[in-house]
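Student: Pasting a structure here, questions to come.
The values are calculated or read from the model by the stated rules, or taken from the named source; none is laboratory data. Fair warning: this is a prediction, and the values are worked out from it, not measured in the lab. Backbone-built Cβ (ideal geometry, glycine too); neighbour counts: all protein chains shown. The area values use the complete protein model at the heavy-atom level, side chains included, leaving out ligands, DNA and RNA. Shrake-Rupley method; radii C 1.70, N 1.55, O 1.52, S 1.80 Å.
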Amino acid sequence: MKTTIVHTIDPVFDANSRVLILGTMPSPKSREAGFYYMHPQNRFWPALAGVFGEPVPMGREERRAFALRHGIALWDVLQSCDIEGASDASIANAVPNDIAGLLEKTHIARVFTTGATAFKYYKKFAEPQTGVSAVPLPSPSAANARMRLDALIAAYRAVAE
């Protein structure tokens with residue numbers, strides 16, 4: 001059964017942010033924890049830790065500090081939608097976040113999306129306003145089990161380049 005979800009997690013960014021990584025919408029576990037990529041099986045943080053050769057950051061504050069230390073901003077493409085659980089495939093009635101407004105406040109020069117659905121919605125809603133093309137990264141979700149962690153780390157190296 002679909003539920004209407006409104007995004008309540010603030011974007012993570014500061015004056016040193018140079019890269020924006022966008023998901024589609026926070027998962028139920030991320031909404032519950034109040035931060036991005038908080039499902040224990042999600043491999044976003046292990047992949048970034050592998051890219052930067054650091055231990056996997058734990059908890060909201062450590063993860064926030066990790067992202068900011070590496071010039072990474074985090075947000076999601078959608079401000080609200082109807083969704084079943086965490087299934088991006090079930091999304092309907094999508095309303096975008098103001099990505100262009102965020103880019104105007106920062107020095108972000110590169111945009112990445114985590115997964116095909118985030119990329120699709122970025123192309124539809126944000127790219128026409130920002131004029132910035134996004135680079136799609138593989139989904140770090142446990143649902144993308146066919147991709148091993150070492151392959152995710154290799155793909156996510158683009159964030160550090």
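Student: Output yes when any residue across region 91-109 is free of Cβ contacts under 8 Å to residues at least 40 places away in the same chain, in contact with a strand residue (DSSP E or B) (Cβ under 9 Å, 6 or more places away or on another chain), in a loop (DSSP other than H, G, I, E, B) and farther than 17 Å from P26 by Cβ, and no when none is.
Tutor: Applying the first criterion (free of Cβ contacts under 8 Å to residues at least 40 places away in the same chain) to region 91-109 yields 94-96, 98, 100-101, 104.
In the following step, the residues that additionally are in contact with a strand residue (DSSP E or B) (Cβ under 9 Å, 6 or more places away or on another chain) were identified as 94-96, 98.
Those left that are additionally in a loop (DSSP other than H, G, I, E, B): 98.
In the following step, the residues that additionally are farther than 17 Å from P26 by Cβ were identified as none.
For region 91-109, residues free of Cβ contacts under 8 Å to residues at least 40 places away in the same chain, in contact with a strand residue (DSSP E or B) (Cβ under 9 Å, 6 or more places away or on another chain), in a loop (DSSP other than H, G, I, E, B) and farther than 17 Å from P26 by Cβ: absent.
Student: Do you know which of the residues in region 82-92 that are open to solvent by less than 60 Å² (accessible area, probe 1.4 Å) and touching a helix residue (DSSP H, G or I) at 6+ places or on another chain (Cβ under 9 Å) is modelled with the lowest pLDDT?
Tutor: Initially, region 82-92 is screened for residues open to solvent by less than 60 Å² (accessible area, probe 1.4 Å), giving 82-83, 85, 87-88, 90-92.
In the following step, the residues that additionally are touching a helix residue (DSSP H, G or I) at 6+ places or on another chain (Cβ under 9 Å) were identified as 85, 88, 91.
Details: G85: 81, D88: 86, I91: 95.
My answer is G85.
Student: To continue, here is another question. Please give the number of the condition A143 fails out of (1) in contact with a Pro (Cβ under 9 Å, 6 or more places away or on another chain); (2) open to solvent by 40 Å² or more (accessible area, probe 1.4 Å); (3) assigned to a loop (DSSP other than H, G, I, E, B).
Tutor: Only one criterion is unmet by A143, namely (1).
Student: A follow-up question, please. Mind checking which pairs have a first residue in region 31-51 that is at positive phi and a second that is crowded, with 19+ Cβ neighbours inside 10 Å and in a loop (DSSP other than H, G, I, E, B), Cβ under 7 Å, 6 or more apart or different chains?
Tutor: Y37/P140
Student: Which pairs have Cβ atoms under 7 Å, sit 6 or more apart or on different chains, and link a residue in region 58-73 that is in contact (Cβ under 8 Å) with a residue 24 or more places away in the chain to one that is of a type outside the set (D, E, K, R) and part of a helix (DSSP H, G or I)?
Tutor: What qualifies is R60/A33; R63/W45; H70/F52; I72/V159.
Student: Check whether at least one residue in region 93-108 is aliphatic (A, V, I, L, M), farther than 13 Å from L22 by Cβ, out of contact with any helix residue (DSSP H, G or I) (no Cβ under 7 Å at 6 or more places or on another chain) and at pLDDT 95 or above, and report yes or no.
Tutor: Yes, region 93-108 contains at least one residue that is aliphatic (A, V, I, L, M), farther than 13 Å from L22 by Cβ, out of contact with any helix residue (DSSP H, G or I) (no Cβ under 7 Å at 6 or more places or on another chain) and at pLDDT 95 or above.
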